[in-house]
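Below is one structure, written out as structure tokens; comments come after it.
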């Protein structure tokens, strides 16, 4: 059995953490167990897997169990079968000392398959129950406000709050105010998206006591305006993202989906300081084009129409630091921008 850490559990957080504003549930370990066709009994392999999982169990843990079936049989029969499977796993968990109030049991029948039901091997993978153990950790409330910097008015926006082991989505109200529960002491990322505006991100640490509300200002995304893609940095002399920058690409994709009427240019730049502007037949210029195309290709491959995109290299013509000395300054020269065309 493979026990692994999980990094997203909003369902359980909403169900169990509602019992108290003072805790947040940190996923510790999880396992999947499988069932024979039409059966709800735990076989020897499933029992061994659960024994291994619950060797990590401690008294203050919470647990969620979700059970499923393949697609053979009626919807009603499969829903009932998944319920029996969930009940069997829950009975095992209780024998291991899990308290009733710390257990959430869900069953979905054939409605949430892990894979297709086209082969016996795939159907076996769908006949499963997923068991996850969580430790309660202290929590606090993060407050923030999203504003238009020009008018000062609040902006209704989608706000994604995330960290190492959690991710949540909230919506700011008409005044721009939002609230989200976050684990105390953790570094928290906040990403904000609203139609008609560039995206914005910030990082902070959730501290004890009343935290000062975080303020995020969204610049209008109108023709002629441009913005650097935050935290999108490249390996020197390559059209290759630094590993820490790879999570930024889905943010660009979300920005384009939130703004379905936007046409943009993706502008690539290189770090070539203390030199005159390069010509278009140089490796430096070609590298700036390749960096822009990397982002372009990602958006195209994820469903953004080519009619909404163009890409262009700018060599070293518009460096943030034309006389860059430090590695920080040089990294900021290796960048990609979003420029609104229409």
Worksheet item: Hey, which of the strands (runs of 3 or more DSSP E) in region 213-286, taking only ones fully inside, have at least 1 residues that are closer than 29 Å to residue 305 by Cβ and touching a helix residue (DSSP H, G or I) at 6+ places or on another chain (Cβ under 6 Å)?
Response: 264-268
Item to complete: Mind counting the residues in region 47-79 that are touching a residue at least 40 places away in the same chain (Cβ under 8 Å), surrounded by 14 or more Cβ atoms within 10 Å (Cβ to Cβ) and not in a loop (DSSP other than H, G, I, E, B)?
Response: 11
Worksheet item: So, in region 315-342, of the ones that are surrounded by fewer than 21 Cβ atoms within 10 Å (Cβ to Cβ) and in contact with a helix residue (DSSP H, G or I) (Cβ under 7 Å, 6 or more places away or on another chain), which residue ends up nearest to residue 250 (Cα to Cα)?
Response: 320
Worksheet item: What are the residues in region 124-143 that are surrounded by fewer than 19 Cβ atoms within 10 Å (Cβ to Cβ) and either free of Cβ contacts under 8 Å to residues at least 12 places away in the same chain or assigned to a helix (DSSP H, G or I) (or both), if any?
Response: 124, 125
Worksheet item: Looking only at region 287-327, which residues are assigned to a helix (DSSP H, G or I), without any contact (Cβ under 8 Å) to a residue 40 or more places away in the chain and farther than 15 Å from residue 269 by Cα?
Response: 297, 300, 301, 306, 327
Discussion item. Which condition from (1) surrounded by 14 or more Cβ atoms within 10 Å (Cβ to Cβ); (2) in the same structural domain as residue 52 (by TED's automatic domain parsing) is the one that residue 99 breaks?
Written reply: (1)
Practice prompt. Report, by residue number, each residue of region 296-311 that is in contact with a strand residue (DSSP E or B) (Cβ under 8 Å, 6 or more places away or on another chain) and either more than 21 Å from residue 277 (Cβ to Cβ) or at pLDDT below 95 (or both).
Written response: 296, 299, 300, 308, 309, 310
Item to complete: State whether the residues of region 22-32 include one that is outside any strand (DSSP E or B) and either under 30 Å from the mean Cα position of the chain (by Cα) or more than 30 Å from residue 180 (Cβ to Cβ) (or both).
Response: yes
Response to the item:
Given (1) modelled with pLDDT under 95; (2) within 29 Å of residue 262 (Cα to Cα); (3) surrounded by 15 or more Cβ atoms within 10 Å (Cβ to Cβ); (4) out of contact with any helix residue (DSSP H, G or I) (no Cβ under 8 Å at 6 or more places or on another chain), residue 168 misses just (4)
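The values are calculated or read from the model by the stated rules, or taken from the named source; none is laboratory data. Just so it is clear, the model here is predicted, and its values are computed rather than measured. Using ideal geometry, Cβ is built from the backbone for each residue, glycine included, and neighbour counts are taken over all protein chains shown.
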